[in-house]
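Comments concern the structure below.
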Amino acid sequence: MDRTNHPSSWLKPTPRGLYVEPGDFYIDPAVAVDRAVITHGHSDHARPGHEHVLATRETLAIMRLRLGAQAGRQQQALGYGEAIDIKGVKLMLAPAGHVLGSAQAVLQWQGFRAVVSGDYKRRRDPTCAAFAVQHCDVFVTEATFGLPIFHHPDDKAEIARLLQSVVLFPDRAHLVGVYALGKAQRVIMLLRETGYDVPIYLHGGLTAMCELYRDLGLALGDLRAVAAAAKAELAGQIVLAPPSARDEPWARRLPDPVNAAASGWFAVKLRARQRGLELPLVISDHADWDELNATLDEVAAPEVWVTHGREEALIHAAGQRGIRARALSLLGYEEDAP
């Protein structure tokens, strides 16, 4: 293959982030830049202070909620499947299946096609569009759960475990630690899909994002503030809160809470024990080991760059299947939060 204009010559990791040189823009830069393409609204990808920001409509709304005036002085929404030309680089956004509005950046220049997937998952998620496979010459993949030990169970089975516990302990509140963007709303929607139509109680730190999801078209059902509820009212109820909230005085208003949390990391039982969880729920917004490998096969890129996660194992697995793979050192991305 002629590598004269191969993505390795124009898609470059820099201290600021992944730089698309011919288009003069960054993808999920770690610091404020002039032109940024943002894959999704989590804070390690959507930083404040950019001059120009391009993202999906939903991601821009999330950034405005979280960052206010620092969400980007000029904002441009791009829908899934729409394409624009930036100094000769064709850019399209495709669904990533991670959280509402999450996208893969699909880049074409001089006959080559590269896909920067951001964070993604392959499971069905009622709160966001499903991951769409994009064939390409270079695929940039995360590897948050890039070890063979990570095999995430069925989401519905984990929700069933939560509901079974509610039945078993009708006098106790179930305090479920969830990340404010994506995980909280996904757990709510998974519960609603089972027919659970009673109120779900929220810590105040989750309210604004849930309201935004509603504004963007998600039917989350009856949500109520814990602060407005009597202690007795919370017995036998599901309460969602940021993971740190159980250590706050706020949690004292809950009747004998069952400590639970939702994260892909709880596939490692030691992590759940370290957090003192009675009910760890293995619900992840990232692809597990099998899904990462299946994605590499489906994308069928001859070259893969692996970033923010357990790179070595996935690089080895790709190499065994004849895929050229290497680590892409990008700083500033966090592990999956519970």
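To one decimal place, what Kirkwood hydrodynamic radius in Å is obtained for the range 66-162 from all pairs of distinct Cα atoms?
15.6
Of the peptides 72-80, 286-294, 129-137, how do they stack up when ordered by the mean number of other Cβ atoms within 10 Å, highest first?
286-294, 129-137, 72-80
Taking θ = phi - 60°, what integer Hz values does the Karplus form 6.51 cos²θ - 1.76 cosθ + 1.60 yield along the range 314-320, in sequence order, with x for Gly and Pro?
These are the phi-based 3J(HN,Hα) values: 5, 4, 5, 5, 5, x, 5 Hz.
Based on alpha-carbon centroids, what's the gap between the range 1-44 and the range 176-216 in Å, whole number please?
Taking the Cα centre of the range 176-216 as reference, the centre of the range 1-44 is 33 Å away.
Summarise the accessible area of the chain (1.4 Å probe, protein heavy atoms) by the percent that is carbon and sulfur.
52
About the Cα centre of the range 1-160, what is the dipole size in debye to 20, counting +1 per Lys and Arg Cβ and -1 per Asp and Glu Cβ, all else neutral?
On the way: 17 positive and 17 negative charges, 33 e Å.
It comes to approximately 160 debye.
Where only protein heavy atoms count, and the probe is 1.4 Å, what is the accessible area per residue for the range 114-243 in Å²?
Result: 36 Å² per residue.
Specify the angular offset, from 0 to 90 degrees and rounded to the nearest 10, of the alpha carbon long axis of helix 289-299 from the longest principal axis of the alpha carbons in the chain.
40
Might you report the magnitude of the Cβ-based charge dipole of the chain about its Cα centre, with Lys and Arg at +1 and Asp and Glu at -1, to the nearest 20 debye?
It works out to roughly 400 debye.
Can you compute the helix-only [θ] at 222 nm over the chain? Use -39500 (n - 2.57) per DSSP H run of at least 4 residues, normalise by all residues, nearest 500 deg cm²/dmol.
After summing the helix terms and dividing by the residues of the chain, the value is -6500 deg cm²/dmol.
Report, in listed order, any pair from Lys121/Lys231; Lys12/Lys269; Lys156/Lys231; Lys156/Lys269; Lys121/Lys269; Lys87/Lys183 with a Cα-Cα distance greater than 26 Å.
Going by Cα-Cα distance, Lys121/Lys231; Lys12/Lys269; Lys156/Lys231; Lys87/Lys183 fall outside the 26 Å limit.
The values are calculated or read from the model by the stated rules, or taken from the named source; none is laboratory data. Owing to the predicted nature of the structure, the values given are computational and were not obtained by experimental measurement. Here the Cβ is made from the backbone with ideal geometry for all residues, glycine too, and neighbour counts use every protein chain on show. Accessible surface areas use protein heavy atoms only, side chains included; no ligands, DNA or RNA. Shrake-Rupley method; radii C 1.70, N 1.55, O 1.52, S 1.80 Å.
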